[in-house]
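The values are calculated or read from the model by the stated rules, or taken from the named source; none is laboratory data. What you see is a predicted model; the values in this text were computed from it and never measured. Counting neighbours? That spans all protein chains shown, and the Cβs are built from the backbone with ideal geometry, glycine included. Heads up: the accessible areas ignore ligands, DNA and RNA and are worked out on the full protein's heavy atoms, side chains in. Shrake-Rupley method; radii C 1.70, N 1.55, O 1.52, S 1.80 Å.
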Amino acid sequence: MSAALQRLGDGLVAVVKEDCPTCKLVTPVLQELRSLGVGVQVVTQDDPDFPEGLEAIDDRDLEISYRLEVEAVPTLFKIEQGEVLDRRVGWNRQEWRDFTGVESLGLEMPEYRPGCGSRTTEPGAAERLKVRFDASSLQSRRVEIGGEEDPIEACYARGWSDGLPVVPPTPERVERMLSGTRRDRAELVAVVPPDYAECTVEKVAISAVMAGCLPEYLPVVMAAVEAVCTDEFNIHGLAATTMAVGPVVIVNGPIRQRIGMNSGINALGQGNRANATIGRALQLVVRNVGGARPGGVDRATLGNPGKYTLCFAENEEDSPWDSLAQERGVEAEASAVTVFGADAPHLVIDQLSRTPESLAISLAGTLRALANAKLVLGFDAFIVIGPEHARVFSDGGWSKARLRQELLEILTMPAADLVRGAGGCAEGLPESFSSEEVCKFGNDALWFVHAGGRAGMFSAVMGGWARGPRGSMPVTREVKE
């Protein structure tokens, strides 16, 4: 038991504050209890001279209120051997009579008055008090900065930034972020390459603070961290490659709407806090926990803007097809993230096609050019189908499976056109392939997701890194809240 609670001893304890009409109302009742010899200790949250004449315990630092978990004042407690046996909130004449055993208590008082919010419920108070009075709360190493040092510049100086300003992860902000999950702060989320450092829920929360997330985004960030740290995804290889690829995060399920993610206009662009900060938080985990920093392990020759963040939600409600997560085995009512190692989106413009056959040829043209038109079989691709293009396929009765099969057929071509030197280009397949027909992609290498604004006949394709055991595969994980 804390020293603050030891000061109270056993018996009745009333927690009040001067800035509360109901606390002022019950002052005569507290005085009456004292006069009748009923021991009641008064704890005041704001004014040490209130209530007048009752010699209240000064709790302006709110430690007693914090440890008693006071949410409203007045609250009357019954304490025995340091344990709270019972409590009454606000003023209810009959309840106070039953609680104190004084049948005549409060004869001149109204029957009932609600209380006021405790000072422990003021904005930021819960996190501040937990940091101050719960020494076991945060386990991460704390870094002290000078009183005149700018916290944002301090984050830059210590190498914690992705190049944009980060939110300084103060203990109070981290505590607030942790309120977004029921998982224990010490639970291991993943071991993050390339340093293979253990990343707990608390460590993810720190990165989420720095990225600008709200607490309700934290479960999505953790699911993304879990997904990229699998052997199948291979974030170590993705970070170390010289290719311009990074993790793309696609969110499905009810949590999309609950946290306000964008799946419509500008879904792959700026302007939505959840989209922007969830992807950024993942990248900061990989950078600051895993150690993948540009110029170090991260050896991308060019990189791409998606390496800051590329995260969006699927528009499931207007899609003619099952969602990406459902296609990958997740129940419709569950929330999930799918991560994919990809380069920047490539726009597909087709304003004229009104049949799925014609539109599939347009998509295939852009897919053929991914990485290099003469390189095949070594890559995955995600196709973001815009709503107007989706309508063309829907009106034509094409399922995802039909579209995938048609694209694979269109993208099958004579290998003689793809061998090294063909067409005057030294890049390409070995000469031994020259007598075969080959497809640009394997049977399980094309994935579709529905997103974007309703106006404009556009889609986009994102080409992957090397696929399979030597590269990276898409990974889907359910969101655990």
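Laid out as a table, the results:
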| quantity | calculated |
| --- | --- |
| Subset of segment 77-91 [farther than 21 Å from Pro114 by Cβ and not aliphatic (A, V, I, L, M)] | Glu80, Gln81, Gly82, Glu83 |
| Total residues in segment 291-306, condition small (Gly, Ala, Ser), in contact (Cβ under 8 Å) with a residue 40 or more places away in the chain and part of a loop (DSSP other than H, G, I, E, B) | 4 |
| Qualifying residue in segment 307-329 (condition: of a type in the set (Gly, Ala, Ser), open to solvent by less than 30 Å² (accessible area, probe 1.4 Å), within 27 Å of Cys199 (Cβ to Cβ) and within 17 Å of the chain's Cα centre (by Cα)) | yes |
| Filtered residue count, segment 29-46, keeping only those that are at pLDDT 95 or above and open to solvent by 10 Å² or more (accessible area, probe 1.4 Å) | 1 |
| Candidates Glu202, Glu198 - the one that is of a type in the set (Asp, Glu) and either part of a strand (DSSP E or B) or open to solvent by 10 Å² or more (accessible area, probe 1.4 Å) (or both) | Glu198 |
| Per-region count, segment 88-125, residues of a type in the set (Gly, Ala, Ser), over 16 Å from Pro74 (Cα atoms) and under 37 Å from the mean Cα position of the chain (by Cα) | 2 |
| Residue within segment 174-194 that is touching a helix residue (DSSP H, G or I) at 6+ places or on another chain (Cβ under 6 Å), free of Cβ contacts under 8 Å to residues at least 40 places away in the same chain and farther than 21 Å from Val221 by Cβ present | no |
| Cβ pairs under 8 Å, 6+ apart, first in segment 441-452 and over 12 Å from Arg467 (Cα atoms), second open to solvent by less than 10 Å² (accessible area, probe 1.4 Å) and charged (D, E, K, R) | Trp447/Asp380; Val449/Glu314; His450/Glu314; Ala451/Glu314 |
| Any hit, segment 162-171, residues being at pLDDT below 95 and within 22 Å of Arg273 (Cβ to Cβ) | yes |
| All positions within segment 307-351 that are assigned to a strand (DSSP E or B), β-branched (Val, Ile, Thr) and farther than 15 Å from Leu282 by Cα | Val348, Ile349 |
| Failed condition for Phe393, given (1) touching a residue at least 24 places away in the same chain (Cβ under 8 Å); (2) closer than 25 Å to Thr338 by Cα; (3) surrounded by fewer than 18 Cβ atoms within 10 Å (Cβ to Cβ); (4) of a type in the set (A, V, I, L, M, F, W, C) | (3) |
| Filter result for Val225 (at pLDDT 95 or above, in a helix (DSSP H, G or I), closer than 25 Å to Ala381 by Cα and not small (Gly, Ala, Ser)) | yes |
| Subset of segment 126-154 [modelled with pLDDT of 95 or more and under 22 Å from the mean Cα position of the chain (by Cα)] | Ile152 |
| In segment 237-268, the residues that are small (Gly, Ala, Ser) and either touching a Phe, Trp or Tyr at 6+ places or on another chain (Cβ under 9 Å) or in a helix (DSSP H, G or I) (or both) | Gly237, Ala239, Ala240, Gly246, Ser263, Ala267 |
| Failed condition for Asn234, given (1) at negative phi; (2) open to solvent by 10 Å² or more (accessible area, probe 1.4 Å) | (1) |
| Ser459 being open to solvent by 10 Å² or more (accessible area, probe 1.4 Å) and of a type in the set (Gly, Ala, Ser) | no |
| Of residues in segment 364-374 being touching a strand residue (DSSP E or B) at 6+ places or on another chain (Cβ under 6 Å) and outside any loop (DSSP other than H, G, I, E, B), the one least open to solvent (accessible area, probe 1.4 Å) | Leu367 |
| Met413, sole failed condition from (1) touching a strand residue (DSSP E or B) at 6+ places or on another chain (Cβ under 8 Å); (2) at pLDDT below 95; (3) part of a loop (DSSP other than H, G, I, E, B) | (3) |
| Gly442 being touching a Gly at 6+ places or on another chain (Cβ under 7 Å), more than 29 Å from Val189 (Cβ to Cβ) and surrounded by fewer than 20 Cβ atoms within 10 Å (Cβ to Cβ) | no |
